[in-house]
Every structure is written in C-alpha cells, then in structure tokens.
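Every number here is computed from the coordinates shown, using simple stated rules; none is lab data. Everything numeric in this text was worked out from a predicted model, so none of it was measured. Counting neighbours? That spans all protein chains shown, and the Cβs are built from the backbone with ideal geometry, glycine included.
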Amino acid sequence: MSANHPGSQSAGVFNRFAVRYWVAIALVVLAAIFIGQNRDRQRVHLLWLTVESPMWLLLAAMLMIGVIVGLLLQRRRT
C-alpha cells in the first residue's frame with residue numbers, strides 16, 4: 001500500500017495527534033501520579049484556623065492562589 005492510500009497505517013500515531021495533545025496527556029498522567037502519592041492528610045495552621053486536608057489539595061490551593069496573584073500583578077502590554 002502507498003502512504004497516500006486512505007486506509008494506510010503508515011501515517012503513525014505521532015502524526016495524527018499534535019504535540020500539544022501528547023503534552024496534555026503526559027501532564028494528566030503526572031497529575032494522577034502526584035495525587036496518588038500525596039493522599040496523606042496534613043494540618044495547616046493559619047492564625048486561629050486549623051485545616052486538615054490531603055496534601056495534594058493543599059498544594060493545588062496554593063497553586064491557584066499563586067496563579068490569581070500572578071494575574072492580578074501582571075503588567076499589561078500596550
């Protein structure tokens with residue numbers, strides 16, 4: 001079969017998916033591994049509050065706070 005034939009399998013998996021999809025899949029797999037390895041509960045003390053939550057959730061919350069602060073403080077390009 002030729003490479004131009006519609007039923008040809010020679011195009012390969014890498015040509016069918018863009019690189020960004022492979023990066024997204026890899027990040028999802030890494031996130032699942034991260035969550036699986038960080039399921040232990042931790043205590044966080046802030047002023048008079050004490051919160052107990054899985055470590056992955058605490059780190060995800062800190063990531064979101066960092067993203068929000070970054071968005072609030074970013075410089076606008078003109």
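Summary of computed values
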| read-out | value |
| --- | --- |
| Residue count, the stretch 23-64 (criterion: surrounded by 11 or more Cβ atoms within 10 Å (Cβ to Cβ) and either in contact with a Cys (Cβ under 8 Å, 6 or more places away or on another chain) or among the β-branched types (Val, Ile, Thr) (or both)) | 4 |
| Flag if VAL67 is surrounded by 10 or more Cβ atoms within 10 Å (Cβ to Cβ) and touching a strand residue (DSSP E or B) at 6+ places or on another chain (Cβ under 7 Å) | no |
